[in-house]
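Nothing in this text is a laboratory measurement; each read-out follows from the coordinates by a stated rule. Just so it is clear, the model here is predicted, and its values are computed rather than measured. With ideal geometry, Cβ positions are generated from the backbone for all residues, glycine too; neighbour counts draw on all protein chains shown.
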Amino acid sequence: MRPIQLPEPPSPTATRVTPDIFESGVHTIIRRAVVIGNGSPSSENQSIGLVRALGFSDKHVLYRVTRPKDGINGWLHWLPVSLHKKIVYIIRYLCGYSRFLSASQEKKFMPLPSENGGGIGLAAVLEADVKQIVNLARETYEKEGPLLVVASGRDTISVANSIKRLAAENVFVVQIQHPRSLLNRFDMVITPRHDYYPLTPEAQKQVPRFLQRWITPLEPPDDHVVLTLGALHQVDFSTLRTAASAWHDEFVHLPRPLLVVNVGGPTRNCKYGADLAKQLAASLLSVLASSGSVKISFSERTPRKVSNVIMKELGNNPKVYIWDGQDPNPRMGDLAWADAFVVTADSVSMISEACSTGKPVYVMGAERCRWKFTEFHKSLRERGVVRPFTGSENLSESWSYPPLNDTADAARRVHKALADRGWKLKA
C-alpha cells in the first residue's frame, strides 16, 4: 500500500488569505445603509451624499418621516411630528362625523388625501417606522452585520434617536443638521459651523435671555460632532465627470464663458422680493458683454414675482437661456459645464454645491441675510471661496480656490469613528 503523503505545513512567513468573515467577523462589517429623510430635497441630498461618499450608492434604503400638508397643518409644523399627526387624526375624526361643518369648512381643516408626502413617486419611499427599522437591524445582524443609519432634518431626530436607543449594538447612527441638545443620543452629529453662531457673544446680544435656550445649541461640540463649512451633497469629481458626458449634447453648443445663475427663494433669515430680482437682472445685463452665454434656473421656492422680473428683463436676450422647470433637471449639467456661478444667498445647499467645483462663485443678496447665515457667508468670503456679485465682473477673467470637500471630510470622520469602535465599511 502506498503511504499517504500529507501536505507540508504552511510556512510561518507565507501569506494567508482569509475570508472577511473569519478575519474580523461579520459582526464588525457594515454592508448596507438606511437613510431617513424628511421630504426636503436639500436635507435628503445631504444624507444621500454622505452615503454615496461612503460607498453605498446602490446599497441603501430611503425611509421618510412625513407630515400632513396644507390647510391647518401650516400652523402645526412647529410641533413634534408625532404630536402633529395625532392632532390631525383627531381633527379628521371630528370633521368626518360633524354635521355642523360645511364642505368648504371641512376642506379648510382637512389635509391633502395623502399624508405620506403627497409627492409623485413617493410610493417607492417607505414611511419611517422605528419598530420596522429596529427589527431590520436586529434580525439581519447575524448574517449582514451592523446597519448604518443616516438621518437629516428636525423631523428625523426622534426616529434616529429611538433607533439608536433600541438597537445600540446593531447600528451606527449619524444625525445631519444640529439636533440642538443631547448630542450623545447619536454616534455622530454632522452640522455646519454656523449652527453654533448662536453661542457667540455677538449672537447672544441679539436674543432675549428667556428665548436663548429655545433657539441655540445647549452644548458646545465634542469629539463626535463634525463641523462643516457648508452643506453635504452629492457633487464630487466623479459625478461632475459623469455629468459632463451625460449633458454634452445640451451644453456643448453654448458660447463660452458660460455663467450659470441659480435663483432660490426668500427665507425667514434671507428676505427679499422683486427688488432683489431687479438688482440681479440689472447686474446680469451688465456682465453680458464679457460672457458667452447665461443660463438661469429657478428653484421650487422662487416666488412668481421674482421669476417674472427676471423673465421680463432677460427672457428675450439671445445670450440668455432660462430653464422652463420641466424634467430633466439640468443641475448636474450646470455644475459640470459652467465657467462661473451666480447664486442667491438664501440657499446654503446650492452655494455649497457650486463651491465644490473650484470655479468662481458669486453670491447675490448676502447683505440681506441675518443671524447665522451672516456667519456662513462671512466664512466663505474669508476663505476666498465666494465673492459678492455686483455686475462689474469681467467673466473672461477667472479665479479659483481649493474646492470645498465637506462631504468627503465627513466620510473620513465616519470611517475613523467606526474604526475606533472596531467596525469597518465594506461597500
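Quick notes on this one:
- Overall form of segment 142-193 per C-alpha gyration tensor (a/c, 1.5; a/b vs b/c): prolate
- Cα-based shape type of segment 150-306, given that a ≥ b ≥ c are square roots of the gyration tensor eigenvalues and the cut on a/c is 1.5: oblate
- Filter on Lys69/Lys312; Lys164/Lys416; Lys164/Lys424; Lys205/Lys305; Lys69/Lys305 - keep pairs with C-alpha separation over 30 Å: Lys69/Lys312; Lys205/Lys305
- Annotation: lysines with alpha-carbon distance below 23 angstrom to Lys359 (same-chain offsets under eight excluded): Lys295, Lys319, Lys378.
- A Förster radius of 45 Å, combined with the Cβ-Cβ distance separating Arg256 from Lys426, puts the computed FRET efficiency at roughly 0.55.
- Relative compactness, segment 268-340, computed as alpha-carbon Rg over 2.2 N^0.38 Å: 1.13
- Amide proton proximity set for Val34, modelled H, under 5 Å, gap of 5+: Val61, Leu148, Val149, Val150
- Per-residue Cβ neighbour counts within 10 Å put Thr302, Thr344 in the sequence Thr302, Thr344, beginning with the fewest.
- Normalised convex hull volume, segment 237-404, alpha-carbon set, Å³ per residue: 106
- Cα centroid of segment 362-427 to Cα centroid of segment 332-347, whole Å: 14
- Packing-based exposure ordering (other Cβ within 10 Å, fewest first) of Asp129, Asp409, Asp155: Asp129, Asp409, Asp155
- Amide hydrogen neighbours beyond the local backbone of Asp187, cut-off 5 Å, H modeled: Val173
- Computed magnitude of the charge dipole of segment 122-167 (debye, nearest 20; Cβ of K, R +1, Cβ of D, E -1): 200
- With R₀ set to 35 Å, the beta-carbon distance separating Asn184 from His415 gives a calculated FRET efficiency near 0.95.
- Estimated inter-spin distance, Asp324 and Ser400, nm [label 7 Å along Cα→Cβ]: 3.7
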